[in-house]
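The structure appears right after this line, and notes come after that.
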Amino acid sequence: MPLKHRIAQALNQREAQGLYRRRKTLTRQASSVRQANQTQPSLNFSSNDYLGLAQDPTLIAAWQQGLSKYGAGSGASPLVTGHHTPHQSLEARLAEWLGFERALLFSTGFSANQAVLFALLEKGDLLIQDKLNHASLMEAGMLSPAIMRRFAHNDADALHKLLSQNTDENMARLVVTEGVFSMDGDQAPLADIAARCHTSQSWLMVDDAHGCGILGDEGRGSCHQAGIRPDILIVTFGKAFGMQGAAVLCSQDVAEYLIQFARHYVYSTAMPPAQAYALCTACDLVQAGDWRREKLLTLGTILEETLLPEVGLVSTATPIKPVLLGESERALTLSALLSEKGFWVSAIRPPTVPVHQARLRITLTASHSEAHVRELANHLNASFEEVQDAANPSEQPD
Ligand SMILES: *Cc1c(COP(=O)(O)O)cnc(C)c1O
């Protein structure tokens with residue numbers, strides 16, 4: 001089929017399935033946001049800026065100062081002329097803070113995940129992933145020459161079964177899980193998973209994009225909270241750090257190996273040094289951010305206590321609060337009703353989540369007030385009942 005027809009067909013199909021995605025243009029990212037084509041702001045319960053750092057004046061000032069000191073761009077790949085003193089400082093700081101020999105910076109979490117899996121795995125290796133791992137990990141696994149197996153979500157016994165079916169001592173084995181799952185807000189049983197990896201001499205890699213900054217002492221993340229140290233830890237800066245970028249935490253040898261062989265590292269322009277400079281300030285704010293983390297817990301309790309039980313909020317220990325709804329249409333309807341009331345809560349649909357598991361994904365941030373969260377919960381309760389009544393008119397009282 002010619003490309004032109006393939007594209008038109010795929011777009012029509014998406015639209016017909018109710019899965020078509022459209023971007024919304026914001027004037028500025030914050031807890032209260034205005035879309036470029038609207039006059040009224042809405043309260044944003046969809047961002048991953050959990051600690052509210054994206055609009056933090058100290059962080060903005062640090063980035064501005066970094067720009068003055070180092071200029072706008074890095075100029076090249078880290079192996080050419082792109083690696084500057086702020087990159088070096090940030091790497092050293094992350095390694096020390098998170099308890100690894102080395103840290104290596106990447107421009108995005110997506111590229112960090114792909115770089116590690118593509119560089120480490122070869123034909124005949126075994127890659128085992130949690131079924132709900134992020135698209136960047138799944139895609140790298142599918143394209144990698146290694147054999148990929150997936151285990152039932154958060155099921156350490158299922159992982160163990162896969163490991164015990166593959167006991168060849170010469171086979172390189174890598175197990176990959178997230179610390180906090182982005183669409184469910186639940187946490188991997190990291191202590192169990194690490195123990196299974198240890199007994200089978202498999203390496204463990206944890207992508208803690210949603211846990212670092214939020215969980216553990218000083219926000220060190222899921223692994224620190226669980227008392228484990230994986231062989232490879234991925235942290236990203238687009239969520240709790242309020243910025244952009246990622247780091248791979250690992251041993252001396254793995255870092256050196258990635259510098260030699262990871263194409264996403266070698267052939268990609270280094271992040272701007274000003275950004276690395278600002279990220280050091282983001283680390284300060286994250287580490288000193290206990291009050292923000294405590295606030296998130298308080299807001300979570302308020303949400304759980306104010307929502308009606310039938311709404312179906314899934315209780316989590318993270319700022320990600322899913323409301324499971326089933327069909328995409330229901331999620332879209334509720335999202336639209338909330339939007340009319342001034343609340344931005346995204347409907348998450350397949351293929352981002354499994355079919356029949358469409359949901360509203362509420363994310364709390366430290367910039368929300370308790371009143372914001374109560375308002376959201378009350379409006380969601382009302383919208384939910386409206387949708388229920390429309391679906392079951394016979395049960396309506398007369
Ligand atoms: C967001 C996310 C990524 C990608 O990170 P970016 O820096 O946004 O590219 C990777 N893994 C997980 C689990 C994520 O949630």
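Could you tell me whether region 169-192 includes any residue that is crowded, with 20+ Cβ neighbours inside 10 Å, within 16 Å of the ligand (Cβ to nearest atom), within 20 Å of the chain's Cα centre (by Cα) and closer than 30 Å to residue 81 by Cβ? No, region 169-192 contains no residue that is crowded, with 20+ Cβ neighbours inside 10 Å, within 16 Å of the ligand (Cβ to nearest atom), within 20 Å of the chain's Cα centre (by Cα) and closer than 30 Å to residue 81 by Cβ. Residue check: residue 304 meets all listed conditions (1) in the same structural domain as residue 87 (by TED's automatic domain parsing); (2) in contact with a Ser or Thr (Cβ under 7 Å, 6 or more places away or on another chain) but one, namely (1). Residues of region 132-165 that are touching a Lys or Arg at 6+ places or on another chain (Cβ under 7 Å) and surrounded by fewer than 15 Cβ atoms within 10 Å (Cβ to Cβ): 145, 152.
Quick check: is even one residue across region 382-391 within 23 Å of the chain's Cα centre (by Cα) and part of a helix (DSSP H, G or I)? Outline the logic, then answer.
Going residue by residue through region 382-391, those that are within 23 Å of the chain's Cα centre (by Cα) are none.
Among the residues of region 382-391, not one is within 23 Å of the chain's Cα centre (by Cα) and part of a helix (DSSP H, G or I), which makes the answer no.
Of the residues that sit in region 97-126 and are away from the ligand (no atom under 16 Å from the Cβ) and either assigned to a strand (DSSP E or B) or free of Cβ contacts under 8 Å to residues at least 12 places away in the same chain (or both), which one is farthest from residue 196 (Cα to Cα)? Please lay out each step first, then the result.
We begin by selecting, within region 97-126, every residue away from the ligand (no atom under 16 Å from the Cβ); these are 97-102, 119-126.
Narrowing the set further to residues that are either assigned to a strand (DSSP E or B) or free of Cβ contacts under 8 Å to residues at least 12 places away in the same chain (or both) leaves 102, 126.
Numbers: 102: 25, 126: 15 Å.
In this case the residue turns out to be 102.
Only a single item in (1) surrounded by fewer than 19 Cβ atoms within 10 Å (Cβ to Cβ); (2) out of contact with any helix residue (DSSP H, G or I) (no Cβ under 8 Å at 6 or more places or on another chain); (3) within 26 Å of residue 392 (Cα to Cα) is not met by residue 361, and it is number (1). Considering only residues in region 198-242 that are surrounded by fewer than 19 Cβ atoms within 10 Å (Cβ to Cβ) and assigned to a helix (DSSP H, G or I), the one that is farthest from the ligand (Cβ to nearest atom) turns out to be 199.
The values are calculated or read from the model by the stated rules, or taken from the named source; none is laboratory data. Since the model is a prediction, treat every value here as computed from it, not as a measurement. A quick note on method: Cβ atoms are made from the backbone with ideal geometry, for glycine too, and the neighbour counts reach across all protein chains shown.
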